[in-house]
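So the structure is just underneath, and the comments pick up after that.
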């Protein structure tokens with residue numbers, strides 16, 4: 001949806017706006033994608049569920065707090081974006097979409113995730129940043145194909161030991177949490193390539209030199225007394241890093257996200273997607 005249409009619907013009352021935005025969605029899109037991001041939706045347009053071949057569904061930046069059971073008809077869905085909404089709990093119907101590879105849940109009001117999330121065994125990327133999580137739900141540790149986990153800007157104080165089961169995990173973003181110690185479980189995950197613990201309360205870093213696949217560690221904005229030791233060639237972002245001048249954390253994250261960018265087919269330009277919180 002173009003910016004011009006979005007600017008126009010901003011002046012239309014919510015109910016009329018919803019009818020205006022989704023009224024022309026009567027046929028299956030040729031690209032198998034529906035993007036209703038930023039459309040002022042307060043309820044999901046159920047007739048979209050008739051597009052059973054749909055692969056990508058973007059519902060970011062709306063006012064949704066529930067989804068209809070009919071969503072379960074979209075069994076070919078691979079990408080679902082629910083970020084920037086008002087969800088206090090993940091609708092159970094999402095856990096029935098077993099082909100999902102990428103799930104965006106950031107910037108909602110989630111305090112936990114349901115055990116049924118473990119049914120999404122094809123999930124490779126999970127965004128749960130900027131929610132109300134005080135712990136990383138154990139069910140995340142059951143997503144055996146997970147490669148990328150974005151859990152920044154929550155209230156996490158530690159990580160569960162079961163996380164080491166995720167042997168496909170390559171990048172973990174934990175910026176802006178309440179970690180006072182470097183999570184010990186990460187020391188037993190040599191397959192990790194990117195670790196971001198920016199903006200926490202970590203005072204001491206153990207050596208990370210044994211993490212043989214590590215490429216980037218971001219540890220800036222911690223009250224640490226030392227820099228983590230890393231193997232040759234590993235990029236560090238934080239105090240006492242070797243780089244001169246020290247790389248900007250935002251640029252480091254863009255670099256890391258570019259490395260993992262091949263995971264996701266090209267998203268619509270109108271879909272908001274934020275990097276983990278930085279300065």
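If we scan the stretch 66-77, do we find a residue that is closer than 21 Å to residue 33 by Cα and under 15 Å from the mean Cα position of the chain (by Cα)? Please lay out each step first, then the result.
Our first condition is that a residue be closer than 21 Å to residue 33 by Cα; within the stretch 66-77, this holds for 66-77.
Among the residues that remain, those that are also under 15 Å from the mean Cα position of the chain (by Cα) are: none.
Within the stretch 66-77 (the criterion being closer than 21 Å to residue 33 by Cα and under 15 Å from the mean Cα position of the chain (by Cα)), the answer is no, since none of the residues qualifies.
Residue-wise test of (1) at pLDDT 95 or above; (2) buried (at least 16 other Cβ atoms within 10 Å of the Cβ); (3) out of contact with any helix residue (DSSP H, G or I) (no Cβ under 8 Å at 6 or more places or on another chain); (4) under 22 Å from residue 67 (Cβ atoms).
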position	(1), (2), (3), (4)
143	yes, yes, no, yes
150	yes, yes, yes, yes
176	yes, yes, yes, no
179	yes, yes, yes, no
182	yes, yes, yes, no
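Considering the stretch 203-223 alone, what residues qualify as being surrounded by fewer than 22 Cβ atoms within 10 Å (Cβ to Cβ) and either under 23 Å from residue 126 (Cβ atoms) or modelled with pLDDT under 95 (or both)?
213, 215, 216
Run residue 136 past the list (1) in contact with a strand residue (DSSP E or B) (Cβ under 7 Å, 6 or more places away or on another chain); (2) closer than 24 Å to residue 180 by Cβ and report the number of the one that doesn't hold.
The one condition residue 136 does not meet is (1).
The values are calculated or read from the model by the stated rules, or taken from the named source; none is laboratory data. In this text, all values refer to a predicted model and were calculated from it rather than measured experimentally. Virtual Cβ from ideal backbone geometry, glycine too; neighbours counted across all protein chains shown.
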